[in-house]
Amino acid sequence: MSVPRWLPKRARRCVSLAGVALTGTALVAPQDMFANTMQRDNSHIIVIGKPTSEHDPLTYLADSESYAKNGLVTWEGNVRIWQGDHALRADKITYDRNTGVLAARGHVAIMEPDGSTTYAAYMEFSHGMHDGIGTSIYMQMQDNAKLAGNGMRRTNGLINDLSHAVYTACKICETNPDAPPFWQFQAYGATQDAQHKRIEFNHAWLKMLGLPVFYFPFFSMSDPSVKRQSGFLMAGISPHDRYLGTYFTLPYFWAIDDSQDLTVRGLVSTKTGPEITSEYRRRFNFGTLDITAGGAYDTNRESRYVNTFGNNVNSSGEYGLQGYVFGQGNFAINKHWQAGINVNLATSANYMRDYRVPGYGQESLNSNVYLEGYGVGAYARLDAQAYQGLNQGVIQNSELPWALPRFTYAYQGQPDALGGRFSMNTTDFDVYRTKGVSDQRGQLQMQWDRPFHNSLGQQWLVTARLDSNVYRATRLAQQPTYYAVGGTKITGQVLPTIAVKMNWPFLRSFARGRGTQVLEPIVQLIAAPNTGNSANSNMPNEDSLTYEFTDTTMFSLNRYAGTDRLDGGLRGNIGVHQSWTWNGHSIDMLVGESIQEHITKNRIPYSGLDHHLSDPVGRVRFTPNKYLDVTARGRYNPWTHQVDYGEGLFSAGIPALRFSAGYLYAPVTPYYYYATNYRESGVNSPYLVKTNEITGSVSTHWRQYHASGFFRRSLSRKQFVANGGDIGYSNDCFGLDIMYIKQYTRIGGEQRNTTVMFNFTFKTIGTFGING
C-alpha cells in the first residue's frame, strides 16, 4: 500500500506494509531464548514477559543476516523484530553493537501497543528505540486519523516531534490521491505526547479542500485513541443575541477518573453579566449521578406586562444574582428495587430566557424523588413531587401542588381456576397547596377479567370492577374546584361496575386470494350505579380535569384521565371495525357511538356526551403503499352540525424526500377553565379560544446533503407557534449543520428572537458552534 499523496514531498517515498514496533536494547539470538522466554506459533516467534522497557529481550526474524568485524550486524529481507508489545518491520536493519544504534531502511513499519502504526522511509534508534530520528514519517492512528511529517525526533520513547506536519481524519481519494483531503491541519511543527495522549501543533493552518481558512498560532488536541481526557473543549462565539449581545463561551473538561468527570463552562457577553455553569457526572457500580448547575449576574430588567387573562404582572425584580440547578440520579438497591431523584430549580424564567438555559418555554419545572420496585406481575412506586411555575403571569407558584408523598401500586395475577385474571391498582397521595385545595386520597381499584369465545367465533370479555376512593380536603372554595364550601370535608365514593364486551370478527379473502377483509362488530354493555354530579359530594379533583371521548376511549370503563371522577350509570357502546389488506395496501376503520341512560354534570362542555345518544366517533387509516400514510380521527355533533374534535396525520414521500403534516381541532382549552373562579365570573375568555392548529414538515437527503423544515401555526389565533429548519452536509470526517429556530412562546411577557446556529464537526477533534 503506497503512502497517500497528501504527505509532504519528502514523505511520499514511504510504503506501508504490515509491521510492528520495537522498544528495547538487549539483543539475544532466538536459539538462546527458547527455554524460558519464547514460544513459537505457525508464523513467527513471540516473546512472553513483562511490559516493554528498554531492558526487555529482543527477538528477530530475517531472510539473511551477516556479522562484520567492526561489530555491525545486518539483517535483510522482510526483517521483523519484537520486543514486548512493540514490533518493527523493514527491508534492511543494521545494528551497531558498539554504539547500540539500530537503523532501519526501506518500508519501515512500527506498531505501537495502542494499535497505531508509524511508517517511515528511514528510522534510526538508540537506547532501545527510546530515542531516535526518522524521515518521511506517516502515522496511521485510530478513527482513520493520520499524522505525517518530513522528519521526526523521538525522545525517551514518549515524545515525537515532527517537522512540517500534516494531520487529518478524512479519507484520501482513491481515484485522485494528489487531491487534498476535505480538511487538514498543516503546521510548521507538531508534538505527539504518547504519555499524556496529546498532539500539539505550532503555527497551524486549518485547510478546507486545500484552501487555508483559519490560522492557529497554537492548537492542542487529544490523541484519537483517547475517549476521555482533561482539557479545554471547543470554544464558542455568537455574534449577536437579543439578551446576551455578542458572547463567548469556553468549556473545560476534567476527567477525574474512569467513573466521574466535571465540565465547567464560562460565558462572557456584551449585554449582561458573566455566567459560569458546570456539569458533574459519575457512574457507580449501582447507578448514575448527573448534576448541572449555573449562576450569573443578570443585568436585564423587565417591566410590567399584561398576561393572558388581562392581568398586570410585575417581573421587574427578576434580575441580579440568578442561578439554576438540574440534577438526576438513579441507584439500584437490589435486583427488585431502585431509587432516584430529579431536581429542576431556577431562580426565574427570565434568567433561563436570557442565558438560554434548557427548559425555557415550559410552563413549569418538575422535581421528584422516588423509590420503585418490580416483581412478577407487580410494580410499586413511592415518590414526592414538586413544581415550580415559570410563566408567573399565568401559573403562580403558590397555586402549584406538592405531592408529599404519592404511592402507586399495580398488580396483575396469573389465570385462576375459572380462567379469569385478577388485577389491582392504587394511587394514594397527599397534595398540598399554599393557595388552593389541599387534600389526601386513598384509592383502590380491583378488577377481574374473564375472556372466552364460542363456536360462532364470537370473542367475549366479562369484567367485574370495583373503584373506591376516600378523601380529606380543605379550602375547596379555591382552585381548581371553587366549591361554595369551607372548612375540612371528608368524602368518598364506591363504584362497582359489571361489563360485557363482544367482538365478532368476520373474515373473507378477495383479489384472487391476495387480499383479506375483516368486518368486526363490537358491542359492549356497562352497568354501574349512577354517580351523578360529584361536585354535590364536595369531592376534590386532581387527576380528572379533562374528559376525552374518542375512538381510543370509547370502550374504556372510565373515560376520565384519572379516578377522581368516574363514569357511572347504565350505558352501551356499539362500534364497527373494518380492515382491508391487499398487495401492500391497507385501510383500517372504526366508527362507534355510546348510548347512556344517565347524563351526569361532571363533564365539561363539548365532551360529546351531552345527550342519551352520544356524538359518533371514528377513525380511519389509509396506507395505499409505502409512500403514503394517512390517519384521521374525530367526533361529530349531530345537534350542532359541527365537529367537536378532530385530528389528522399525513405522511408521504420517498426515503430521499418526505413530507408530513398534522391537524388538531378542539373547541375549548380545559387548562384555563380551572385557572380562575369560573363559577362566579363565568368562563374565562382564553377558555373559549379554540385549539385549531396545523403542523407541517419536510425532510430530504441526497448523498452527503440533508435538509429539513417544520412549522406549527395556530389557525384560531392567526399566528405561528414555532417554526424552524436545518440544512447540512456530512461526510466521513466533517459535518456542517445550519439550524434556524423561532418560538413564539411568551414567558414574562417577552419572547426570544429568531435563533440561527452553525455547528461544525471535525472528526477526532470536536464540534464548534456559532449561535446568533
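The values are calculated or read from the model by the stated rules, or taken from the named source; none is laboratory data. A quick note: this is a predicted structure, and the numbers were derived from the prediction, not measured. Positions of Cβ are backbone-derived with ideal geometry, glycine not excepted, and every protein chain shown enters the neighbour counts.
Numbers below:
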{"item": "Strands (runs of 3 or more DSSP E) fully within the range 148-261 counting 3 or more residues that are within 25 Å of Met757 (Cα to Cα) and assigned by TED's automatic domain parsing to the domain that holds Val108", "result": "183-193, 198-208, 211-222"}
{"item": "Strands (runs of 3 or more DSSP E) lying entirely in the range 553-643 (those with 2 or more residues that are of a type in the set (Gly, Ala, Ser) and not assigned by TED's automatic domain parsing to the domain that holds Gln447)", "result": "628-637"}
{"item": "Selected residue (criterion: nearest to the chain's Cα centre (by Cα)) from residues of the range 117-134 that are more than 16 Å from Thr94 (Cβ to Cβ) and surrounded by fewer than 24 Cβ atoms within 10 Å (Cβ to Cβ)", "result": "Thr117"}
{"item": "Complete set of residues in the range 74-104 that are in contact (Cβ under 8 Å) with a residue 40 or more places away in the chain and over 54 Å from the mean Cα position of the chain (by Cα)", "result": "Tyr95, Arg97, Gly100"}
{"item": "Candidates Tyr471, Tyr432 - the one that is farther than 29 Å from Pro521 by Cβ and either in the same structural domain as Tyr387 (by TED's automatic domain parsing) or out of contact with any Lys or Arg (no Cβ under 9 Å at 6 or more places or on another chain) (or both)", "result": "Tyr432"}
{"item": "Number of positions in the range 717-741 that are among the polar types (S, T, N, Q) and exposed (fewer than 14 other Cβ atoms within 10 Å of the Cβ)", "result": "1"}
{"item": "Conditions (1) over 30 Å from Thr755 (Cα atoms); (2) polar (S, T, N, Q); (3) buried (at least 18 other Cβ atoms within 10 Å of the Cβ): number failed by Thr434", "result": "(3)"}
{"item": "Subset of the range 332-361 [of a type outside the set (A, V, I, L, M) and surrounded by fewer than 16 Cβ atoms within 10 Å (Cβ to Cβ)]", "result": "Asn334, Lys335, His336, Trp337, Pro358, Gly359"}
{"item": "Selection within the range 435-468 - part of a strand (DSSP E or B) and under 25 Å from Tyr387 (Cα atoms)", "result": "Ser438, Asp439, Gln440, Arg441, Gly442, Gln443"}
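Rundown of residues vs (1) modelled with pLDDT under 95; (2) more than 30 Å from the chain's Cα centre (by Cα); (3) crowded, with 17+ Cβ neighbours inside 10 Å, yes/no style:
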{"residue": "Ala380", "(1), (2), (3)": "no, no, yes"}
{"residue": "Gly389", "(1), (2), (3)": "yes, no, yes"}
{"residue": "Val394", "(1), (2), (3)": "yes, no, yes"}
{"residue": "Arg406", "(1), (2), (3)": "no, no, yes"}
{"residue": "Leu418", "(1), (2), (3)": "yes, yes, no"}
